[in-house]
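K.L.:
Sharing a structure below in structure tokens format, with a few things to ask.
The values are calculated or read from the model by the stated rules, or taken from the named source; none is laboratory data. Predicted model only: the values in this text are computed from it and were never measured. Every residue, glycine as well, gets a Cβ built from its backbone with ideal geometry; the counts of neighbours run over all protein chains shown.
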Amino acid sequence: MRSICNVVKPSTAAQGLSILGTLEITETNYTRLCHEKSILTVNGQFPGPTIYARKGDLVIVNVHNNGSKNITIHWHGVDQPRNPWSDGPEFITQCPIRPGGNFTYQVILFEEEGTLWWHAHSDFDRATVHGAIVIHPKRGTTFPFRKPDKEIPVILGE
């Protein structure tokens, strides 16, 4: 899987890094089980790209909605302390991203570590608009087990 994020601004280890990425939501014709269907994809991918970060990082993701209906993104398993407008439930914590619009999410990985996921939080769009978030330990620390030889995110969609 391809990652959307690149480190754009170094900072102190205690503060973490700012990670910047873009998610382009687009309607795409996709063939599954011998039938072509229009689905929403992210950056031309299904499932969407994996976001790689470290505990303590600030992940800034600009979401462009090129689809035909409203959408929001939810960062599943991520607390959003003092930042509820970046949590995804449409008309509850934020207005939806309208077709042709965009919204910049600030995802604060304050306590999270491990593999989580992000997904659409509008209607049934989460079936195709989703991806993994891999959160490594802070720099200078390690997981409480030996480092794996390889990591491959596995996503089970709806």
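K.L.:
What single numbered condition from (1) in contact with a Pro (Cβ under 9 Å, 6 or more places away or on another chain); (2) farther than 30 Å from Tyr30 by Cα; (3) at pLDDT 85 or above fails to hold for Gln106?
P.N.:
The one condition Gln106 does not meet is (1).
K.L.:
Can you say whether Ile135 is among the hydrophobic types (A, V, I, L, M, F, W, C) and in contact with a Pro (Cβ under 6 Å, 6 or more places away or on another chain), as far as the supplied structure shows?
P.N.:
Answer is no for this residue.
K.L.:
Considering the stretch 84-101 alone, what residues qualify as being touching a residue at least 12 places away in the same chain (Cβ under 8 Å), of a type outside the set (Asp, Glu) and buried (at least 16 other Cβ atoms within 10 Å of the Cβ)?
P.N.:
Ser86, Gly88, Gln94, Pro96, Ile97
K.L.:
Still on this structure: Give me the residue from the stretch 6-42 that is in a loop (DSSP other than H, G, I, E, B) and farther than 24 Å from Ala127 by Cβ and, out of that set, modelled with the highest pLDDT.
P.N.:
Checking each candidate, the answer is Leu17.
K.L.:
State whether the residues of the stretch 137-146 include one that is farther than 19 Å from Glu27 by Cβ and surrounded by 17 or more Cβ atoms within 10 Å (Cβ to Cβ).
P.N.:
no
K.L.:
Also: Looking at the stretch 20-40, can you tell me whether even one residue there is within 26 Å of Glu151 (Cβ to Cβ) and aromatic (Phe, Trp, Tyr)?
P.N.:
No; the residues of the stretch 20-40 include none that is within 26 Å of Glu151 (Cβ to Cβ) and aromatic (Phe, Trp, Tyr).
K.L.:
Looking at Ile51 and the list (1) modelled with pLDDT of 90 or more; (2) surrounded by fewer than 18 Cβ atoms within 10 Å (Cβ to Cβ); (3) under 18 Å from Thr128 (Cα atoms), which single condition is not satisfied?
P.N.:
Failed condition: (2).
K.L.:
Could you please find all residues in the stretch 85-108 being under 12 Å from the mean Cα position of the chain (by Cα) and not in a strand (DSSP E or B)?
P.N.:
Ser86, Asp87, Gly88
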